[in-house]
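One structure below.
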Amino acid sequence: MKTVFVQPDRCVGCKQCEVACAVEHSQSKNLYQAVFESPKPKPRIFVGPGIYLNSSFPNKCRHCNPAPCMAVCPTSAIKRTEDNEIVLIDGDKCINCAMCAMVCPFDVIRYYNSIEAIRKRVVALKCDHCVARQQDGLEPACVEVCKVSALLFGDINELAQKASSKLARIVSEIDTAVSKEPLHLPDHLEAWRSWGKSASKLAKK
Amino acid sequence: MKTIIIGAGPAGVKAAETLREEDKKHEIIMLSSEPYPPYSPPAMVQYFLTGEALHYWRGQDFPELNNIDYRQGCHVVSVSPDMNEIELESGEKLTYDYLVIAAGSRLYTPVEGSDKKGIHNFKSLKAGDELLAKVRSGEVSSALIVGAGFIGVEVALMLKKMELDVTMLVRSRVMRSMLDPETSTFVQCILEDREVKILRGDDADAVAFPGDNAARAVQMKSGKELTADLLVAATGLKPNIEFLSGSGIETDWGVFVDQYLCTNMPNIYAAGDITETFDRLTGERYSHANYPNAITQGNLAGLNILGYGLVYDGSENMNSMKHLDVPVIAAGLMEGEEIRLHRNGSLRKLWVKDNKLVGCRLAGDITGAGIFINLIKRGVDISPIRDNLSEPNFCYTHIHDTALMDNVIPS
Ligand SMILES: Cc1cc2nc3c(=O)[nH]c(=O)nc-3n(C[C@H](O)[C@H](O)[C@H](O)COP(=O)(O)OP(=O)(O)OC[C@H]3O[C@@H](n4cnc5c(N)ncnc54)[C@H](O)[C@@H]3O)c2cc1C
Ligand code: SF4
Ligand code: SF4
């Protein structure tokens with residue numbers, strides 16, 4: 001499967017991904033028009049400051065499996081795509097109850113008026129892995145715009161082979177992100193896991 | 001194998017879903033005393049306001065799709081564990097190999113005369129339908145709501161949106177058990193901005209519903225009486241355990257369960273609002289009535305019936321306010337050292353004890369909620385980010401920088 005890989009050490013905090021994400025989720029899909037739209041398009045990736053002066057981290061939905069947000073949604077507005085890869089929120093079903101935001105350990109859900117919901121009401125919004133672009137054979141907007149390869153898009157196994165040890169961290173993050181769950185580990189997470197483990201071993205040698 | 005599930009709320013539905021997912025052949029009977037398909041209470045207000053049937057959240061055809069023998073309008077009156085049998089109001093008896101008790105909770109009113117006619121509540125879809133029938137009859141223009149907990153506030157906002165003149169009677173303060181005094185005042189101000197009238201103190205401390213057959217008013221501790229076209233009680237919740245009396249199934253406030261969510265009878269499990277479990281943080285026995293706990297427990301009960309032997313790690317004290325148009329969330333405790341940030345119309349409070357985050361109350365701006373709640377759940381030592389917590393732009397990067405994230409795992 002293809003996914004967005006984060007190489008946090010490379011991120012320089014330029015926030016280009018935030019802009020690209022907001023534009024991609026606008027009505028016009030054009031930066032200069034998007035800024036005048038109502039509701040105002042918002043990003044679903046967040047590059048915030050950290051402990052150190054220059055720290056930054058492109059934070060977005062990890063499309064967890066199992067996904068805590070999906071389990072607590074009292075209207076079943078959060079679903080996984082049939083191929084199991086992407087966790088999506090259906091704005092039409094969202095009642096803006098904030099249960100999902102309370103359980104997402106990565107804090108990547110925000111609430112805004114959205115063109116994706118009937119009557120443009122306030123609904124939960126998060127990264128959709130640019131499903132629409134992917135259907136057109138394009139990579140997600142954030143990846144396309146990232147000039148330092150902090151965000152990569154591709155097949156997990158291939159990227160894992162090419163990646164530097166910097167990836168070990170983020171991979172093991174996903175590793176721990178699912179290890180407590182007893183059931184239903186999908187293939188792609190097995191891949192994340194086994195790669196994370198072998199990479200950590202290599203790093204120790 | 002045959003399992004009977006009493007109740008078709010989130011806990012019962014999740015138990016059924018899990019049993020079906022794991023075992024295609026398991027015979028499942030699900031009973032609800034209400035005459036509807038399985039529904040999710042948190043979506044009721046949206047349904048009554050807009051007509052969107054979001055409360056049938058698993059679909060009205062959930063039972064057929066999952067090969068569940070679903071019987072609505074079937075009230076269980078007793079359970080006989082020694083015969084593995086339950087009895088319905090109609091007199092019909094059903095036998096089971098396993099039983100899941102997921103009958104939820106209902107309105108609890110310590111106010112005299114609360115069983116009189118004319119007192120509405122909003123704890124179930126049936127109660128909601130009755131309340132709305134009255135509102136839609138066009139005969140009501142004012143409402144008096146006794147109690148200002150979570151459901152009281154939600155009903156008040158709903159009725160206000162339906163253009164009723166709404167007054168809330170609040171003995172102590174708005175959402176006392178969920179919010180600290182300052183956040184409570186914050187919410188009260190929002191309610192008052194929405195033109196919900198709030199009365200507090202002895203003049204608002206309801207002690208009785210006077211009236212011969214039907215309640216005609218609410219009587220306060222001060223002796224004063226108040227009335228409105230619509231009287232709504234939202235004074236608290238009580239697990240629906242009456243039908244278990246005499247069954248030998250151990251209950252106190254709710255149904256007692258062990259770490260596997262099993263009752264004192266080996267083949268009888270309980271899940272959701274009806275159970276009395278323990279708080280994940282404090283270990284105290286408690287019923288935290290919320291949707292996530294109902295789902296987790298329903299799932300676990302289902303898995304344990306199938307022999308997984310999974311241990312429950314405690315219920316979570318968390319909730320959020322809907323329909324205020326301002327986000328408000330509450331999780332964990334309100335004790336220890338307080339960290340406070342009041343800025344741009346938002347109020348954010350965290351509580352730290354022994355270098356651990358133990359609670360949060362966020363109003364207006366809830367960014368970071370998921371991080372805080374996961375730190376609370378995991379009991380992570382937050383010393384590395386202690387000073388950053390009160391910064392307005394605290395975010396996940398802080399967790400990343402300090403590698404605290406290795407402990408921040410979904411559950
Ligand atoms: C208005 C409202 C809004 C809410 N909003 C939120 C929210 O935003 N977030 C959140 O986390 N939680 C919310 N909650 C709480 C949440 O809905 C409950 O915690 C959850 O529904 C509990 O699920 P349950 O299955 O245990 O019980 P219930 O949902 O109460 O279901 C109980 C079921 O048992 C049936 N039953 C009862 N007695 C019998 C009997 N003797 N025989 C047969 N059947 C019986 C009932 O008909 C029903 O089907 C809200 C609740 C209400 C009322
Ligand atoms: S929103 Fe959060 S919990 Fe849900 S899938 Fe994305 S990262 Fe996981
Ligand atoms: S805010 Fe919306 S998507 Fe999130 S849990 Fe509530 S209804 Fe579901």
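The values are calculated or read from the model by the stated rules, or taken from the named source; none is laboratory data. Bear in mind the structure is a predicted one, so any value in this text is a computation, not a measurement. All Cβ positions, even for glycine, are placed from backbone atoms using ideal geometry, and neighbour counts span all protein chains on display.
May I ask you to verify whether A:Val47 is within 16 Å of ligand 1 (Cβ to nearest atom) and either touching a Phe, Trp or Tyr at 6+ places or on another chain (Cβ under 8 Å) or on the phi > 0 side of the Ramachandran plot (or both)? It is false that A:Val47 is within 16 Å of ligand 1 (Cβ to nearest atom) and either touching a Phe, Trp or Tyr at 6+ places or on another chain (Cβ under 8 Å) or on the phi > 0 side of the Ramachandran plot (or both). Residues that are within 20 Å of B:Ile274 (Cα to Cα) and within 14 Å of chain A (Cβ to nearest Cβ) number at least 3 in none of the strands (runs of 3 or more DSSP E) confined to segment B:42-107.
Selection of segment B:270-320 for residues being facing chain A (nearest Cβ under 10 Å), within 8 Å of ligand 1 (Cβ to nearest atom) and not in a helix (DSSP H, G or I) yields B:Asn290, B:Met318, B:Asn319, B:Ser320.
One residue alone among A:Pro43, A:Pro39, A:Pro49 is within 14 Å of chain B (Cβ to nearest Cβ) and out of contact with any Cys (no Cβ under 6 Å at 6 or more places or on another chain), and that residue is A:Pro49. Checked against (1) away from ligand 3 (no atom under 16 Å from the Cβ); (2) touching a helix residue (DSSP H, G or I) at 6+ places or on another chain (Cβ under 8 Å); (3) within 15 Å of A:Lys60 (Cα to Cα); (4) not basic (Lys, Arg), A:Glu139 passes all but a single condition, namely (3). A single entry from A:Cys64, A:Cys21 fulfils the requirement of being within 16 Å of ligand 3 (Cβ to nearest atom), touching a residue at least 40 places away in the same chain (Cβ under 8 Å) and of a type outside the set (A, V, I, L, M): A:Cys64. Here the helices (runs of 4 or more DSSP H) wholly within segment A:28-144 that include at least 1 residues being within 21 Å of B:Gly59 (Cα to Cα) and assigned by TED's automatic domain parsing to the domain that holds A:Gln16 are A:68-72, A:99-103. Cβ-Cβ distances below 9 Å connect the following pairs, each with a first residue in segment B:175-201 that is assigned by TED's automatic domain parsing to the domain that holds B:Val153, a second residue that is acidic (Asp, Glu), and a separation of six or more residues or different chains: B:Asp180/B:Glu338; B:Ile190/B:Asp325; B:Arg194/B:Asp325; B:Glu195/B:Asp165; B:Lys197/B:Asp165; B:Ile198/B:Glu192.
Counting only residues that are β-branched (Val, Ile, Thr) and in a helix (DSSP H, G or I), which one in segment B:1-41 is farthest from ligand 3 (Cβ to nearest atom)? Top of the filtered list is B:Thr18. Within segment A:78-116, being at the interface with chain B (Cβ under 7 Å from one of its Cβ atoms) and more than 9 Å from ligand 2 (Cβ to nearest atom) holds for A:Lys93, A:Ile95, A:Asn96, A:Cys97, A:Ala98, A:Met99, A:Met102, A:Tyr111.
Close contacts from segment B:305-322, counting a first residue that is within 16 Å of B:Lys14 (Cα to Cα) and away from ligand 2 (no atom under 16 Å from the Cβ) and a second that is assigned to a loop (DSSP other than H, G, I, E, B) and of a type in the set (A, V, I, L, M, F, W, C), with Cβ to Cβ under 7 Å and a gap of 6+ residues or different chains, come to B:Tyr312/B:Leu261.
Going by what's in this entry, would B:Thr277 be described as at pLDDT below 95, among the hydroxyl-bearing types (Ser, Thr, Tyr) and over 30 Å from B:Val140 (Cα atoms)? When the stated conditions are applied, B:Thr277 passes them.
Annotation: of all residues in segment A:27-61 being surrounded by 19 or more Cβ atoms within 10 Å (Cβ to Cβ) and within 16 Å of ligand 3 (Cβ to nearest atom), the one that is farthest from A:Gln16 (Cα to Cα) is A:Cys61.
Determine, yes or no, whether A:Pro58 is within 11 Å of chain B (Cβ to nearest Cβ), more than 12 Å from ligand 2 (Cβ to nearest atom) and within 19 Å of B:Cys395 (Cα to Cα). Criteria met by A:Pro58.
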